[in-house]
1. Among the residues of region 38-53, count how many are more than 13 Å from ligand 1 (Cβ to nearest atom) and surrounded by 19 or more Cβ atoms within 10 Å (Cβ to Cβ).
2. Where the second residue is crowded, with 17+ Cβ neighbours inside 10 Å and not basic (Lys, Arg) and the first is without any contact (Cβ under 8 Å) to a residue 60 or more places away in the chain and not assigned by TED's automatic domain parsing to the domain that holds Ala235 and lies in region 151-167, which pairs have Cβ atoms under 6 Å and are six or more apart or on separate chains?
3. Val184 - would you say it is of a type in the set (Val, Ile, Thr) and assigned to a helix (DSSP H, G or I)?
4. If the Cβ limit is 8 Å and pairs must be 6+ apart or interchain, which residue in region 1-20 that is under 20 Å from Leu315 (Cα atoms) pairs with which residue that is among the aromatic types (Phe, Trp, Tyr) and modelled with pLDDT of 95 or more?
5. Could you list, in sequence order, the residues of region 176-223 that are among the hydroxyl-bearing types (Ser, Thr, Tyr), crowded, with 17+ Cβ neighbours inside 10 Å and either without any contact (Cβ under 8 Å) to a residue 24 or more places away in the chain or out of contact with any strand residue (DSSP E or B) (no Cβ under 8 Å at 6 or more places or on another chain) (or both)?
6. Scan region 24-41 residue by residue and report those that are in contact (Cβ under 8 Å) with a residue 60 or more places away in the chain and out of contact with any Lys or Arg (no Cβ under 7 Å at 6 or more places or on another chain).
7. Could you list, in sequence order, all residues of region 166-186 that are charged (D, E, K, R) and within 15 Å of ligand 2 (Cβ to nearest atom)?
8. Looking at region 225-283, which of its residues are touching a residue at least 40 places away in the same chain (Cβ under 8 Å), surrounded by fewer than 19 Cβ atoms within 10 Å (Cβ to Cβ) and of a type in the set (Lys, Arg)?
Amino acid sequence: MKQFLSVHDAPDLPALVAEGLVCKKNPFARKQLGIDKTLGLLFFNASLRTRLSTQRAAQNLGMDVIVMNVSQDSWGLEMLDGAVMDGDKAEHVKEAAAVVGQYCDIIGVRSFPGLADRDLDYRDEVIGQFVRYAGVPVISLESAIRHPLQSLTDLITIEEYKKTARPKVVLTWAPHVKALPQAVPNSFAEWMNRADVDFVITHPGGYELDKQFAGDARVTHNQREAFEGADFIYAKNWSSFTQYGQILSRDRNWTVNAEKMKLTNGAKFMHCLPVRRNVVVMDEVLDSPDSIVIQEAGNRVWAAQVVLKRMLEAL
Ligand code: AN0
Ligand code: CP
C-alpha cells in the first residue's frame, strides 16, 4: 500500500478487514517489521482516538513515532501553489511536507475543512499537497472530506458483531450544536457501498451527501422506517452539503433514543466519537449493552495497524 486516503486504496476489503482482525488476535506478531522506521503524525486539528490509536498501532509494529500539532507548534503553512507569500503564512507546504518526508518513512495528516467554500474543501488540498510533496507514503487521519481509518474500523467492527451474513446498516443523521464536516458520513457511505451490507441512509431534507459518496445507497427522510429491522445504527451529525456548511436543523426528534432502538432487529449502536450525550444520542442508549462505541474506538488500533503493516511491507 502506497497511500491510504480513501476506500480506493483498499481494493480487497474483506481481506483487509480479516487482516485487521488477525492483528487484533496477535498484536505483536510483526514487532520486527517497523524497527528503524519512523511514523510522523501531523495534526492541524484536535484528536483523541486517531492520535493515540495510530501511535499504539505503530508501537505494536516496532516503529518510532513523532507527533506534531501543526497549527499550534509549527509555522503557518501556505497550501496554494504559486502564492505570493506576503501574508501571515511563513512556510509553503511544498517545503514543509518535503522536510517532514526527510525525517519520516510514513506520514499521517489530519486536517478539517473550513466549511465556508465547498469547492475549496472538496478539492481536499491539504492532504493532496502532502501526497504531492512529502515523497513518502501518506495516511489520511481525517481530511476535509474523508475519514478512511474510521470507516475501516467501522467495517472491522461490523464484521465482528454481525449476526447475519448481510446485515442492515443504517447511517442516521442526528442533531448537534456545531456545524460539523461531512467527512465521517462521506467515508462511511463510500465504504458501506462497497461492503457486503444492506446500507440505508436517513437524514432530514437538505442533508443529502455528495453523490460521489452516497452513490446508489437507499436514502429516506423517515428515520423510523430506516430503523426497522436494522442490525447496526450508525449515528453522526453533519452540516449540509447542498447549503454548504449550514446547520439546517437542530430537531431533537432525530436524537437516537431507546424507543427508536426498539424498532430495530436488536441493533448495535455505533458512533465514531466524540459524541454529545443527550443531543446526538440519549444516555439510555449509550449506556446500554447495545452500544459498542468503546469497542469500536478500540478497533481504531487494528485499522491503523493493518494499514501501517501493508505500507511497511511495501516500503
Ligand atoms: C469531527 C467530525 O465530525 O468530523 C471529528 C470526528 C471524528 N467531530 C467533531 O468535531 C465533534
Ligand atoms: N473518531 C475520531 O477520529 O476521533 P478523534 O477525533 O478523537 O481522533
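The values are calculated or read from the model by the stated rules, or taken from the named source; none is laboratory data. These figures come from a predicted structure and were not determined experimentally. Glycine also receives a Cβ, built like all others from the backbone with ideal geometry; neighbour counts cover every protein chain displayed.
1. The number of residues fulfilling the criteria is 4.
2. Between residues of region 151-167 that are without any contact (Cβ under 8 Å) to a residue 60 or more places away in the chain and not assigned by TED's automatic domain parsing to the domain that holds Ala235 and residues that are crowded, with 17+ Cβ neighbours inside 10 Å and not basic (Lys, Arg), there is no close pair.
3. Details: of a type in the set (Val, Ile, Thr): yes; assigned to a helix (DSSP H, G or I): yes.
So Val184 passes the test.
4. Close Cβ pairs (under 8 Å, with a partner that is among the aromatic types (Phe, Trp, Tyr) and modelled with pLDDT of 95 or more) amount to Ala10/Phe4; Gly20/Trp302.
5. Filtering region 176-223 for residues among the hydroxyl-bearing types (Ser, Thr, Tyr) gives 187, 202, 207, 220.
If we keep only those that are crowded, with 17+ Cβ neighbours inside 10 Å too, we end up with 187, 202, 207.
Hit for region 176-223 is Ser187, nothing else.
6. Taking region 24-41 and keeping what is in contact (Cβ under 8 Å) with a residue 60 or more places away in the chain, we get 24, 27, 30, 33-34, 37-41.
Hits for region 24-41 are Lys24, Pro27, Gly34, Lys37, Thr38, Leu39, Gly40.
7. If we filter region 166-186 for residues that are charged (D, E, K, R), which is where we start, we get 166, 168, 178.
The answer is Lys178, and nothing else.
8. The answer is Arg250, Arg252, Arg276.
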